[in-house]
Amino acid sequence: MSFLFRGLTKSNTIKYVTLYENDFGAEGVLTMVPFLQNVDYLEELNLNDNTITSEGFNSVFRAQHGSAINYLRCSGCGIDSIKIDNDYIPRNLRILGLCHNTINADGCRELAKLLQQSDFGGRMKLLLKVVNDISSIESTLRSNHTLNLINVVANDDAGGGGDKESEEVQQQINDTVMINRRNRNNPEAAGKEKVIHSQLNSIKRKNMAALLGVDGEVLYSEINCLHLPEVLSMIGESHGQGELYIALKSSIAALLSTVDRKQSLQQQRAYHRAKLKAIEAEIAAIEGAEENAEVSRGMKRTRRDVCSNSW
């Protein structure tokens, strides 16, 4: 198995891997984890009817956090318990097949973890975090960009729903899912739009941060200072002069470092150009000396030949 997946890791076109009824277990699954963590194009993985057990399933599920897989088949795999880590939920998974497994009550609760918070508002916020985690720009880019509809109905018996905060969270979810729908076949574009929509707008980020309990400041420190001019241009185009002014105030130190960085790079470029010119001159001198030496040796050989013929 390890040889197979080492070879598959080198592929950049494979979309489907079907390994049903191959009689391998959790140990075999562990050999495919590096492949799942690094493959960019795989859309479907079929492991049906292999005894991978709960250990193997949990490893596969966790490894898909950053993968493109949207369909995972694990029917008849001897799975009885499941452990799902909220920080490693597959961002592109749409369909999960778990037929013919004897999953226990704890496993079912784990599968429903997104909807098993203690209160309705908590469930809503966790769902919002799945589609747009604004704790950092990187987290936003790594959020789920494929879900096209999230509609949560409150259970009146359990309480919750109908309050202003829950309605606001639902509206944020709706806005974010709409971005997914507009970029249905382009998750990268969806991630970029979410960053512009929620990370680079101080008011929207502050409101979402208050809902999710994270720092409300726009995280300009995460942006490469050399990219700041482009980012500021996007802010001005998307959110207007008011937001551009706020962004300039927040990023002025980084912008100044960009100027210093540019000057530094220009100085380095001038230094290396001068150094290269000197090296080229030295090489030319060496080549000239070699040519002169070759001419001198040729003249000596000619004189020897003349002398020999004279005798």
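Here is a yes/no grid of residues against (1) without any contact (Cβ under 8 Å) to a residue 60 or more places away in the chain; (2) under 14 Å from Gly97 (Cβ atoms); (3) open to solvent by less than 10 Å² (accessible area, probe 1.4 Å); (4) assigned to a loop (DSSP other than H, G, I, E, B):
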residue: Phe5; (1), (2), (3), (4): yes, no, yes, no
residue: Leu8; (1), (2), (3), (4): yes, no, no, no
residue: Glu27; (1), (2), (3), (4): yes, no, no, no
residue: Phe35; (1), (2), (3), (4): yes, no, yes, no
residue: Tyr41; (1), (2), (3), (4): yes, no, no, yes
residue: Ile69; (1), (2), (3), (4): yes, yes, yes, yes
residue: Leu72; (1), (2), (3), (4): yes, yes, yes, no
residue: Gly76; (1), (2), (3), (4): yes, yes, no, yes
residue: Ile84; (1), (2), (3), (4): yes, no, no, yes
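Would it be correct to say that Arg91 is among the basic types (Lys, Arg), closer than 27 Å to Thr13 by Cβ and open to solvent by 60 Å² or more (accessible area, probe 1.4 Å)?
Against the criterion (among the basic types (Lys, Arg), closer than 27 Å to Thr13 by Cβ and open to solvent by 60 Å² or more (accessible area, probe 1.4 Å)), Arg91 does not qualify.
Output the number of the condition that Asp133 fails; it satisfies all remaining conditions of (1) charged (D, E, K, R); (2) at pLDDT 80 or above; (3) open to solvent by 70 Å² or more (accessible area, probe 1.4 Å); (4) more than 28 Å from Tyr16 (Cα to Cα).
That leaves (3) as the condition not met.
Among the acidic types (Asp, Glu) and over 26 Å from Ser67 (Cβ atoms) - does that describe any residue in the stretch 219-242?
yes
Sort out which residues of the stretch 44-61 are assigned to a loop (DSSP other than H, G, I, E, B) and either open to solvent by less than 10 Å² (accessible area, probe 1.4 Å) or under 17 Å from Pro34 (Cα atoms) (or both), and write them in order of number.
Answer for the stretch 44-61, where residues must be assigned to a loop (DSSP other than H, G, I, E, B) and either open to solvent by less than 10 Å² (accessible area, probe 1.4 Å) or under 17 Å from Pro34 (Cα atoms) (or both): Leu47, Asn50, Ile52.
Suppose we keep only residues that are in contact with a Leu (Cβ under 8 Å, 6 or more places away or on another chain) and under 13 Å from Leu141 (Cβ atoms) within the stretch 195-223. Which one would you say is surrounded by the fewest Cβ atoms within 10 Å (Cβ to Cβ)?
Val195
Which residues, taken from the stretch 33-56, are under 21 Å from Asp80 (Cα atoms) and among the hydrophobic types (A, V, I, L, M, F, W, C)?
Val33, Leu45, Leu47, Ile52 - these are the residues of the stretch 33-56 that are under 21 Å from Asp80 (Cα atoms) and among the hydrophobic types (A, V, I, L, M, F, W, C).
Take the stretch 205-229 and flag every residue that is in a helix (DSSP H, G or I) and of a type in the set (A, V, I, L, M).
Matches in the stretch 205-229: Met208, Ala209, Ala210, Leu211, Leu212, Leu226, Leu228.
The values are calculated or read from the model by the stated rules, or taken from the named source; none is laboratory data. Note that the structure is a prediction, hence the values are computed from the model and not measured. Please note: Cβ atoms are built from the backbone with ideal geometry, for glycine as well, and neighbour counts cover all protein chains shown. These accessible areas exclude ligands, DNA and RNA; they are computed on the full protein's heavy atoms, side chains included. Shrake-Rupley method; radii C 1.70, N 1.55, O 1.52, S 1.80 Å.
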